[in-house]
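Below: one structure, written as structure tokens.
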There are 2 protein chains.
Amino acid sequence: MTADWHIVPGGVTAPKGFRAAGITAGLKASGLPDLALVISDNTAIAAGVFTTSQVRAACVEYCRQQLTAKHNIRAILINSGQANAATGEAGWQDAVESAQALAQVLNIPAHAILLASTGVIGQRIKMDKLVAALPELAAAAEDDGGDQAARSIMTTDLVSKSIALQTTIDGRPVRIGGMAKGSGMIHPNMATLLAFITCDAAVSTTLWQQMLTRAADKSFNQVTVDGDTSTNDALIALANGESRTQAIIEPGADADQLEAMLTAVCQYLAKCIARDGEGATCLVEVQVHGTHTDAEARQIARTIVGSSLVKAAIFGRDPNWGRIAMAAGRADILFDQNSLRIELGDLVLMDYGQPLEFDRDAASNYLKTAAAGEYLHTDTVLIKVGVGDGSGFGLAWGCDLSYDYVKINAEYTT
Amino acid sequence: MTADWHIVPGGVTAPKGFRAAGITAGLKASGLPDLALVISDNTAIAAGVFTTSQVRAACVEYCRQQLTAKHNIRAILINSGQANAATGEAGWQDAVESAQALAQVLNIPAHAILLASTGVIGQRIKMDKLVAALPELAAAAEDDGGDQAARSIMTTDLVSKSIALQTTIDGRPVRIGGMAKGSGMIHPNMATLLAFITCDAAVSTTLWQQMLTRAADKSFNQVTVDGDTSTNDALIALANGESRTQAIIEPGADADQLEAMLTAVCQYLAKCIARDGEGATCLVEVQVHGTHTDAEARQIARTIVGSSLVKAAIFGRDPNWGRIAMAAGRADILFDQNSLRIELGDLVLMDYGQPLEFDRDAASNYLKTAAAGEYLHTDTVLIKVGVGDGSGFGLAWGCDLSYDYVKINAEYTT
């Protein structure tokens, strides 16, 4: 499928019928924005993908309950500063009360609200400050508030992450917007990946959840900064039908087009998160082909991009094919080692399972040049790995392993 | 079972009827010892556990073939310097010729020889030097050569790793010796874990393989330095019956006693490898209890000890319980988060899934003190994690993540 869409401004407020806000409620000691709201003017269907961890924040449990009950959704409330994870029954009550308080301010049912938190594990939300700030937050919600909302969900992310794409379905413009935060962790215990998607297409709840799950598997689930999974990871997607296109209720060309654009939004945000990983000096993309299934290719790609040895070699700008081969081999996917092929940029380092004579200076220079790209520039360290003749294909993204990663994660002392 | 054994000198040559040697054959540029031999005077049964990687060295494929054919074994030849992995058909021929050449020197069948290699991936063994050195190597094999052999299998290990234990079975002394090398990697691509066990008990091949597999699951498979798996990992155990005890051919008290001592030898060597991990400043032991099965507990323990965030926190001497909880949660083992309990040394940091008020200075001081232990001193950073009321228990070992890890793995440039 060709990418028949283009970027539009506005992030999560680019799709019709969505407003958003971000304000400083005083939850963070820094005084930076720490409370965000996304509102759909009319009810939206919602889909979600959440952390698979056994240790889950109250907000994650809350969202899972609401989505299981298939409630229509009007708003998402997101706080940064306190993760409200490992806070027990009291933390659960805080979540329930947050939703109730916002429901009163917005004059909507509490079950039409979803919640997300990011910040320090073990800390309860500063409820007095949060509740007191809700009227100001609601009043600030505007149809151009997407970028401000994106800034308010940051913890120690170095940049905010926001995107919107537009395509044409059924002769009418359809937009998907998204914002995310990643795993910058100057403070400890802040490793949360949060992402919020808005869409003005009309689509059935079942299809929308299926699309989101598949898109997550090709994007956020293929990002690794350090292999750790947060207690608060959440991806929530709303679709409100305000584009007034015909409802997409079964698979077909329109559904494919919508899913492709949803996947593109998710992959854009996923790459932003990898590039903004702790201590990262570059974005690394691994492409794997030749497996039986796409899932197998994704697993190998994820293993390579997550290997500490591969990551350290890239930080050292060392074209170390041996570590890439090693990581591919330990991905728990069967392949014939004599079919292994490894490319770095346009240079072939290994083929048919054996190292080739290649220009080491050119390879090292490729790493230096590619890694030196500006933020979100197309310059990315690209590793291509073939493992056979199958049609499976998969991508994964990560970053290098630098001194700063260790520094960020070791030198904070509680 | 109480540990009714004691340490004896001699490493792999402590058990009766074993000789060993280690010499400089010129395989390494450094001139350090690089060729080792372990000989059993009479035929021994052999068991093995090998890398699960899809990219396997020629020596691993060779050993798997010999062990599948259930050949009795007389000798193990180990070279350091070149890994003979990713070397294709030529590398396979080198392995076959190594065994044939040693067979001629020792006047034994080639199929009575096992092989192991460690060193740079993609490099073939310097066969002329290896073959020329075999007569000297064979002549040097003595019944006190265990320590010299242990030194000759090192690559960039900082210390050699060797142990022997003695117990009494059937009224007679029985010994198990072992040596290992770990994953010091100043050169790239040297991450191999090799371990060799000798035993003078008489035991059936089937039982011996079962014991070794279980012991590996409780020792070497519970060690992580950086989560990467080598192309050459091998654990080989010989038992030659020279202790003249009654043959252990079925499960029972004698088998249990032998397996317990085998497990102790493997765990000792596994801890040596973790403590000597690249850039490590301390050994970390994670104990998990309360799961349904031991395997579940081991998986959680392994996930915690392998978490980059936990490792970096320990390097920073930061009692960061949140990261331990996070890592436990993502281990793919179901448990009730409200039963999570975390102890650091004797301090309880979290209980019933919620953080406790604890003495942070004492906790940080515990980390500083425990981490400052001498090599293989009993001072070890100990993390205890409970996840419920089950009887499952598991251990894992690792090390912290330091600047030196990044330095060692990034600053070498090919």
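Numbers at a glance
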{"quantity": "Complete set of residues in region B:69-93 that are under 23 Å from B:Ala237 (Cα atoms), hydrophobic (A, V, I, L, M, F, W, C) and open to solvent by 10 Å² or more (accessible area, probe 1.4 Å)", "calculated": "B:Ala69, B:Trp92"}
{"quantity": "Number of the condition not met by B:Ile324 [criteria: (1) surrounded by fewer than 24 Cβ atoms within 10 Å (Cβ to Cβ); (2) more than 7 Å from chain A (Cβ to nearest Cβ)]", "calculated": "(1)"}
{"quantity": "Top-ranked residue in region A:327-338 [being open to solvent by 10 Å² or more (accessible area, probe 1.4 Å) and either at the interface with chain B (Cβ under 7 Å from one of its Cβ atoms) or not acidic (Asp, Glu) (or both); ranked as nearest to B:Val406 (Cα to Cα)]", "calculated": "A:Arg330"}
{"quantity": "Number of the condition not met by B:Arg341 [criteria: (1) open to solvent by 10 Å² or more (accessible area, probe 1.4 Å); (2) facing another protein chain (nearest Cβ under 8 Å); (3) at pLDDT 90 or above]", "calculated": "(2)"}
{"quantity": "Number of positions in region A:1-39 that are surrounded by 22 or more Cβ atoms within 10 Å (Cβ to Cβ) and of a type in the set (Ser, Thr, Tyr)", "calculated": "1"}
{"quantity": "Residues being of a type in the set (D, E, K, R) and modelled with pLDDT of 95 or more - total across region B:92-125", "calculated": "2"}
{"quantity": "Within region B:292-319, tally of residues that are more than 14 Å from B:Ser402 (Cα to Cα), open to solvent by 10 Å² or more (accessible area, probe 1.4 Å) and either outside any helix (DSSP H, G or I) or polar (S, T, N, Q) (or both)", "calculated": "4"}
{"quantity": "Residues of region B:184-210 classified as crowded, with 24+ Cβ neighbours inside 10 Å, among the aliphatic types (A, V, I, L, M) and at pLDDT 85 or above, total", "calculated": "5"}
{"quantity": "Residue pairs meeting the criteria (Cβ under 7 Å; at least 6 apart or on separate chains; first free of Cβ contacts under 8 Å to residues at least 60 places away in the same chain, in region B:5-24; second aromatic (Phe, Trp, Tyr))", "calculated": "none"}
{"quantity": "Tally of residues being more than 14 Å from chain A (Cβ to nearest Cβ) and at pLDDT 85 or above across region B:211-226", "calculated": "11"}
{"quantity": "Failed item, numbered, when A:Tyr403 is tested on (1) within 29 Å of B:Asp404 (Cα to Cα); (2) facing chain B (nearest Cβ under 9 Å); (3) modelled with pLDDT of 90 or more", "calculated": "(3)"}
{"quantity": "Matching residues, region B:43-64, being in contact (Cβ under 8 Å) with a residue 12 or more places away in the chain, of a type in the set (S, T, N, Q) and within 11 Å of another protein chain (Cβ to nearest Cβ)", "calculated": "B:Thr51, B:Thr52, B:Ser53"}
{"quantity": "Count of region A:354-372 residues which are facing another protein chain (nearest Cβ under 8 Å) and surrounded by 20 or more Cβ atoms within 10 Å (Cβ to Cβ)", "calculated": "0"}
{"quantity": "Those residues of region B:164-183 which are open to solvent by less than 10 Å² (accessible area, probe 1.4 Å) and closer than 30 Å to B:Ile408 by Cα, in sequence order", "calculated": "B:Gly178, B:Met179, B:Ala180, B:Lys181, B:Gly182"}
{"quantity": "Residue satisfying all of: in region A:224-262; assigned to a helix (DSSP H, G or I) and open to solvent by 20 Å² or more (accessible area, probe 1.4 Å); farthest from A:Ala44 (Cα to Cα) among these", "calculated": "A:Ala253"}
{"quantity": "Enumeration of residues in region A:326-341 that are of a type in the set (A, V, I, L, M, F, W, C) and within 21 Å of A:Thr293 (Cβ to Cβ)", "calculated": "A:Ala327, A:Ala328, A:Ala331, A:Ile333, A:Leu334, A:Phe335, A:Leu340"}
{"quantity": "Count of region B:122-163 residues which are acidic (Asp, Glu), buried (at least 21 other Cβ atoms within 10 Å of the Cβ) and closer than 15 Å to B:Leu35 by Cα", "calculated": "0"}
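To keep it simple, each residue is scored yes or no on (1) modelled with pLDDT under 90; (2) not hydroxyl-bearing (Ser, Thr, Tyr).
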position	(1), (2)
A:Gln287	no, yes
A:Ala295	no, yes
A:Thr303	no, no
A:Ala325	no, yes
A:Arg330	yes, yes
A:Phe335	no, yes
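Residue-wise test of (1) under 27 Å from B:Ile121 (Cβ atoms); (2) within 11 Å of another protein chain (Cβ to nearest Cβ); (3) in contact (Cβ under 8 Å) with a residue 12 or more places away in the chain.
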| residue | (1), (2), (3) |
| --- | --- |
| A:Cys266 | no, no, yes |
| A:Cys272 | no, no, yes |
| A:Glu285 | yes, no, yes |
| A:Ala313 | yes, yes, no |
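The values are calculated or read from the model by the stated rules, or taken from the named source; none is laboratory data. Computed from a predicted model, the values in this text were never measured in an experiment. Here Cβ is always computed from backbone atoms with ideal geometry, including for glycine, and neighbour counts include all displayed protein chains. For the accessible areas, the whole protein counts, side chains as well, though only heavy atoms, and no ligand, DNA or RNA atoms are used. Shrake-Rupley method; radii C 1.70, N 1.55, O 1.52, S 1.80 Å.
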